[in-house]
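Let me begin by presenting the structure, written as C-alpha cells, before commenting on it.
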Amino acid sequence: MRTSIATVSLSGSLTEKLTAAARAGFDGVEVFENDLLASPLAPEEIRARTADLGLSIDLYQPMRDVEAVPEEEFARNLRRARHKFELMRRLGADTVLVCSSVSPLAVDDDALAADQLRRLADVAGEFGVRVAYEALAWGRHVSTYDHAWRIVEAADHPYLGTCLDSFHILARGSDPKGIEDIPGEKIFFLQLADAPLMAMDVLQWSRHYRCFPGQGGFDIAGLLGHVMSAGYRGPLSLEVFNDVFRQAEAGPTAVDARRSLLVLQEATGLATPPAPVVPSGVAFAELVTPDVAPVTTLLGALGFTRTARHRSKPVDLWQQGEARVLVNTGPAARRDGTALAAIGLESPDPAAAARRAESLLAPVLPRRRALEDAPLDAVAAPDGTELFFCATDRPELPSWTGDFEPVEHQADTPSTTRIDHVALTQPWHQFDEAALFHRSVLGLSAQDSVDVADPYGLHRSRAVTNADGSVRIALGVGPAPTDDGARAQHIALATDDVVAAARRFRDAGGRLLPMPANYYDDLAARHEFADGELETYRDLGILYDRDQDGEFRHCYTETVGRVFFELVQRDGGYRGYGAQNAPVRLAAQHAVGRPGR
Ligand SMILES: O=C(O)c1ccc(O)c(O)c1
Ligand SMILES: [Mg+2]
C-alpha cells in the first residue's frame, strides 16, 4: 500500500520535511497549512518539488470550524473554502481534511452539519476536490468517528467522505469494529498515530504525545485490520504531533516513521518482510579505546584474560567464562574515546538476520571490514552502536573467532560466567525509536518502560530481551553520569556469587562504586538479612532488590570513558534490573570525583 506522512510529523522547513519523507521512502505527504504558509515557495514550486522527489500530495489540511454554523457564518466559510480549493488546484492536491468544529458558534444539529457539508462538497466538486470529514476527539458536537460518518452518510455527496484518525478513535475509547460498517470508498483518508496510554486531556495528549505506531499503547494493527476489512485502499498516512519529533532531525525521524509503518503492515498481513531471526546470545561486546591501559586493567581485575589477538587489526579478545570483550585500539577509538562500539549477537542465521534488518531500513555496514576477515553481517542501531550477527565456533558457518590468533595465557577460574545485559544510553530524542528498532529488527520483546529519579533529571529505561533472557539490552535515556557528559554505557556480567566476584575485583586493585550508608539503613528496614550480610554489602557497595520471583544483588565498577561494568547475581526468577536502586546508583556515579555533591 502507498505510505504517506503529514508534514507536521517532521522537523524543519517544508523543503526539509519533503526531502526527509522522500529519502525515507514515503510515497506521499499530507501538507499542513502552516508549513505551506511559512514556506517561501509558491504552491506551483511546492508541487514541482514534491513531484521531483517522487512524492504525491495526498492531503491538504486542515480546514476548521466549517459546519453546523449560522448561515451568514457558513457563507464566509464557503468563501474561505473556495480560496483553499483554488490553492489546492495549484498544489495538485485533490483531498482536503475538514475537522469537526470546535467553534462556539457551532450548534448541535446533525441535519444542519450534513446540509452544510453537502454544500461544501458541491463547491469542492467544481474544483475536483474531495472533502474528508474527521471527528476531532475534542470536537464541540462531533467527537467520535461513527458520529462523523452518520453526518457524511446523511449528506450523501460523492465529493464528501470521512477521514479516520486512529488517535481520535482510540483516545476516545471508541470500538473500532464499527469501522467495518462504513463502505470502504467513503473512507477518503486514514491517519495513523499511536500514543502512550496516559490519563490526560485528549487535546493536550494529541498535540504533544502522539507517536508512531508500535511506540505507544494503542492497538493500531487491530484498527487497521478493521479499516482494511471495510475496503479502504487509500494511503496509510502517519499524522504525529510530538514535541520531540518537532525538534529532532527530520531525516532519522522519517526513517523511524517508515519503519513503524513497515512493522504495522507486517502485523496486519499487508507486507511480508523477511521474518525476524531472534538472537540466541551475546557473542561479544566491543570496546573501542584510545587509552588501552585503564581498560585492560579494569578487565584484568574483573577476571578477564586476554586470549587472542586479531590477525590484522589492533583488536584483542578478552574472555572470562562465556563472556567475551573485544578491545579495539584502531582508528574508531581515536574518534570517540573509550566507548562500547559494537555488540556481537549470536544468530541462528546471520545472513537472514541481516536481510530482516535491511528490509526494516537498518543501515547495513560493510560485510568485510578487511579483505582477510571472515564476512560478518552488521547493521547500525539508531544510537550508532554496531550490531553484528555472528556465529561463534559453529561448524556450519564461518566463525568470527577465526579472525583471531590465540595468544599464550594462563587459565584462570572465572568469577563471572557471561554477559547478563548491555545497557546503552540513547540520545534524548531517540528513545522510542530505539525500542521499536530493537523489537522489530531483532525480534526482541520490549518490557515496560520504567522512570527513575536521577539527581539531575529523569532516567527512563526499557529493556528488550529474547525469550530465555540470554540477550538483554537495557535502553536508557537521561542525564549522563560520566565525567565529560557523554552518554554512559555499561556491560553487566553475571555471577553466581557477587560477594566473591566483588572481593576478587577489589583485591585485584579494582575500584567499586561506593554507596551511601543511608541506603543500607533503608535496606535493613525493608528486608531481613543474615548476620553480617548487610555489612558485607555496605563494604562492597552491593545493592539489593527482590521481586515476586527472586532476588538481585549487584554492584558497579568505576567508569572509564563512557563505560563501566556491573556485577549481577540473579537468584530465583528475578527478571528486572534493580530499577529500585537506580536513583542511588546514579547519584553515586554523579558524585564520583566531586566530593561535596
Ligand atoms: O490537533 C488538531 O487540531 C488536529 C488537526 C488535524 C488533524 O487531522 C488532527 O488529527 C488534529
Ligand atoms: Mg487527524
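The values are calculated or read from the model by the stated rules, or taken from the named source; none is laboratory data. Not measured: the values here are computed from a predicted model. So basically every Cβ, Gly included, is an ideal-geometry build from the backbone, and we count neighbours across all protein chains shown. Only protein heavy atoms, including side chains, enter the accessible area calculation; ligands, DNA and RNA are left aside. Shrake-Rupley method; radii C 1.70, N 1.55, O 1.52, S 1.80 Å.
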## Note on the structure
Restricting the stretch 87-102 to residues that are in a loop (DSSP other than H, G, I, E, B) and within 15 Å of ligand 1 (Cβ to nearest atom), the one farthest from Arg150 (Cα to Cα) turns out to be Ala93
### Message
Yes or no: the stretch 449-459 includes at least one residue that is touching a residue at least 60 places away in the same chain (Cβ under 8 Å), closer than 25 Å to Gln319 by Cα, open to solvent by less than 30 Å² (accessible area, probe 1.4 Å) and in the same structural domain as Arg356 (by TED's automatic domain parsing).
### Response
no
### Message
So, in the stretch 291-315, how many residues would count as being in contact with a helix residue (DSSP H, G or I) (Cβ under 8 Å, 6 or more places away or on another chain), open to solvent by 10 Å² or more (accessible area, probe 1.4 Å) and under 17 Å from Ile491 (Cβ atoms)?
### Response
1
### Query
Of the residues in the stretch 180-200, how many are touching a residue at least 12 places away in the same chain (Cβ under 8 Å) and away from ligand 2 (no atom under 15 Å from the Cβ)?
9
### Query
Tell me, which strands (runs of 3 or more DSSP E) lie completely within the stretch 310-415 with 1 or more residues that are among the basic types (Lys, Arg)?
323-328
### Message
Is it the case, given these coordinates, that Val278 is farther than 24 Å from Ala488 by Cα, outside the structural domain of Thr95 (by TED's automatic domain parsing) and within 20 Å of the chain's Cα centre (by Cα)?
### Response
yes
### Query
In the stretch 1-46, which residues are charged (D, E, K, R) and within 16 Å of ligand 2 (Cβ to nearest atom)?
Glu30, Glu33, Asp35
#### Entry: Failed criterion for Ala68 (all others in (1) more than 16 Å from ligand 2 (Cβ to nearest atom); (2) in contact (Cβ under 8 Å) with a residue 60 or more places away in the chain; (3) under 29 Å from Leu197 (Cβ atoms) hold)
(3)
### Task
State whether the residues of the stretch 471-483 include one that is closer than 30 Å to Glu358 by Cα, at pLDDT 95 or above, more than 15 Å from the chain's Cα centre (by Cα) and in the same structural domain as Trp318 (by TED's automatic domain parsing).
yes
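Okay, residues lined up against (1) in contact with a Lys or Arg (Cβ under 6 Å, 6 or more places away or on another chain); (2) among the β-branched types (Val, Ile, Thr); (3) assigned to a strand (DSSP E or B):
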{"position": "Asp448", "(1), (2), (3)": "no, no, no"}
{"position": "Asp451", "(1), (2), (3)": "yes, no, yes"}
{"position": "Ile473", "(1), (2), (3)": "no, yes, yes"}
{"position": "Gly476", "(1), (2), (3)": "no, no, yes"}
{"position": "His490", "(1), (2), (3)": "no, no, yes"}
### Query
Counting only residues that are within 27 Å of the chain's Cα centre (by Cα) and open to solvent by less than 50 Å² (accessible area, probe 1.4 Å), how many does the stretch 567-578 have?
5
### Summary
Within the stretch 51-79, residues away from ligand 1 (no atom under 16 Å from the Cβ) and open to solvent by 50 Å² or more (accessible area, probe 1.4 Å) come out as Ala51, Asp52, Leu53, Gly54, Pro70, Glu71, Glu72, Ala75, Arg76, Arg79
### Message
Just to verify a result, which residue in the stretch 88-108, among those that are under 28 Å from Ser39 (Cα atoms) and aliphatic (A, V, I, L, M), is nearest to ligand 2 (Cβ to nearest atom)?
### Response
Leu97
### Task
State all residues of the stretch 109-132 that are over 16 Å from Arg64 (Cα atoms) and either within 41 Å of the chain's Cα centre (by Cα) or within 16 Å of ligand 2 (Cβ to nearest atom) (or both); if no residue qualifies, say none.
Gly128, Val129
### Message
Based on this model, can you work out whether Glu126 counts as acidic (Asp, Glu), open to solvent by 20 Å² or more (accessible area, probe 1.4 Å) and closer than 30 Å to Leu436 by Cα?
### Response
no
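Every residue, every condition in (1) under 21 Å from the mean Cα position of the chain (by Cα); (2) within 16 Å of ligand 1 (Cβ to nearest atom); (3) surrounded by 23 or more Cβ atoms within 10 Å (Cβ to Cβ), yes or no:
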{"site": "Phe188", "(1), (2), (3)": "no, yes, yes"}
{"site": "Asp194", "(1), (2), (3)": "yes, yes, yes"}
{"site": "Ala199", "(1), (2), (3)": "no, no, no"}
{"site": "Leu224", "(1), (2), (3)": "yes, no, yes"}
### Message
Could you tell me how many of the residues in the stretch 45-86 are in a helix (DSSP H, G or I) and either more than 36 Å from the chain's Cα centre (by Cα) or at pLDDT below 95 (or both)?
### Response
16
### Of the criteria (1) within 20 Å of the chain's Cα centre (by Cα); (2) within 16 Å of ligand 2 (Cβ to nearest atom); (3) surrounded by 23 or more Cβ atoms within 10 Å (Cβ to Cβ), which one Tyr209 fails
(3)
### Query
Looking at this structure, is Arg562 of a type in the set (Lys, Arg), under 29 Å from the mean Cα position of the chain (by Cα) and under 29 Å from Glu286 (Cβ atoms)?
yes
### Query
Which ones in the stretch 4-30 are open to solvent by less than 30 Å² (accessible area, probe 1.4 Å) and part of a helix (DSSP H, G or I)?
Thr7, Val8, Ser9, Leu14, Lys17, Leu18, Ala20, Ala21, Ala22
### All positions within the stretch 524-566 that are crowded, with 23+ Cβ neighbours inside 10 Å and either polar (S, T, N, Q) or outside the structural domain of Val498 (by TED's automatic domain parsing) (or both)
Thr557, Thr559
